[in-house]
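Just below is one structure, and these are the notes that go with it.
The values are calculated or read from the model by the stated rules, or taken from the named source; none is laboratory data. On a predicted model such as this, the values are computed, not experimentally measured, just so you know. Glycine gets a Cβ as well: all are built from the backbone with ideal geometry, and neighbour counts include every protein chain shown. Ligands, DNA and RNA are stripped out before the accessible areas are found, and what is left, the full protein with its side chains, is counted by its heavy atoms. Shrake-Rupley method; radii C 1.70, N 1.55, O 1.52, S 1.80 Å.
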Amino acid sequence: MKLIKKIVVVMLVLAALVYFVAIPYVHRETKKFSPYKTSVLELDNTVLKIDYSSPSKKGRKIFGELVPYGNVWRTGANEPTTITVSKPIKIIDKPLPAGTYSLWSIPNKKSWKIMFNTQIPDWGVTRINGNQTTHDSNYDLITVEVPVIDLQNPVEDFTITFEEQTLQQKSQNVISLAWDTTKIMVPVYK
């Protein structure tokens, strides 16, 4: 009986070490390869801020291989990408209330779905399977679909910026996501 208790205690100690020491260590180490970045847009007294981790291409083919088509992607690396808006805005024609949301995507060859989700998990993929995201579609507040723009020159580091573009013959603010030879633009309205 004493042996069983000792085994149980050792197993609990090992599990605690893995959970409280090893996993946080791995998370810190992975951030060295995908640095944390922030993009900010001030739009008529409304502040939009996107926080994300920026992985590098490193000679790899990104979309369709490293990031498979048709699967939910955490839209960056490490923790899920988040967007914080200080006042209500519209994403294309859908209202997005003030708050902080996780930003998920489903890349495809010709278009991407972008999901603004009310749940913000502490990490973007499961600890058991690094290819399975922690996205829960039950918490998707809005989903939009935008076309892919093919780039001539590859973008080395995954980048999210705010840009002013001319769309349908008028100036428009967009959230721009670019990596490798792919770019998408998500229109933002005040």
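As a summary of the residue check, K37 satisfies the conditions (1) surrounded by fewer than 19 Cβ atoms within 10 Å (Cβ to Cβ); (2) assigned to a loop (DSSP other than H, G, I, E, B); (3) touching a Phe, Trp or Tyr at 6+ places or on another chain (Cβ under 8 Å); (4) at pLDDT below 95 except for the one numbered (2).
Just to be sure, is V8 closer than 30 Å to I89 by Cα, at pLDDT 65 or above and surrounded by 10 or more Cβ atoms within 10 Å (Cβ to Cβ)? Explain how you work it out, then say what you get.
Numbers: closer than 30 Å to I89 by Cα: no; at pLDDT 65 or above: yes; surrounded by 10 or more Cβ atoms within 10 Å (Cβ to Cβ): yes.
When the stated conditions are applied, V8 does not pass them.
Of the residues making up region 109-131, not a single one is surrounded by 13 or more Cβ atoms within 10 Å (Cβ to Cβ), of a type in the set (V, I, T), more than 25 Å from L43 (Cα to Cα) and at pLDDT 95 or above. Yes or no: region 158-180 includes at least one residue that is free of Cβ contacts under 8 Å to residues at least 24 places away in the same chain, open to solvent by 20 Å² or more (accessible area, probe 1.4 Å), under 17 Å from S102 (Cα atoms) and in contact with a Pro (Cβ under 9 Å, 6 or more places away or on another chain). No - not one qualifying residue is present in region 158-180. In the set (1) exposed (fewer than 13 other Cβ atoms within 10 Å of the Cβ); (2) assigned to a strand (DSSP E or B); (3) at pLDDT 95 or above; (4) of a type outside the set (A, V, I, L, M, F, W, C), E145 fails one condition alone, (1). Could you say whether any residue in region 93-102 is at pLDDT below 95 and of a type in the set (F, W, Y)? Looking through region 93-102, none of the residues is at pLDDT below 95 and of a type in the set (F, W, Y). Those strands (runs of 3 or more DSSP E) of region 44-97 in which 1 or more residues are in contact with a Cys (Cβ under 9 Å, 6 or more places away or on another chain) are absent.
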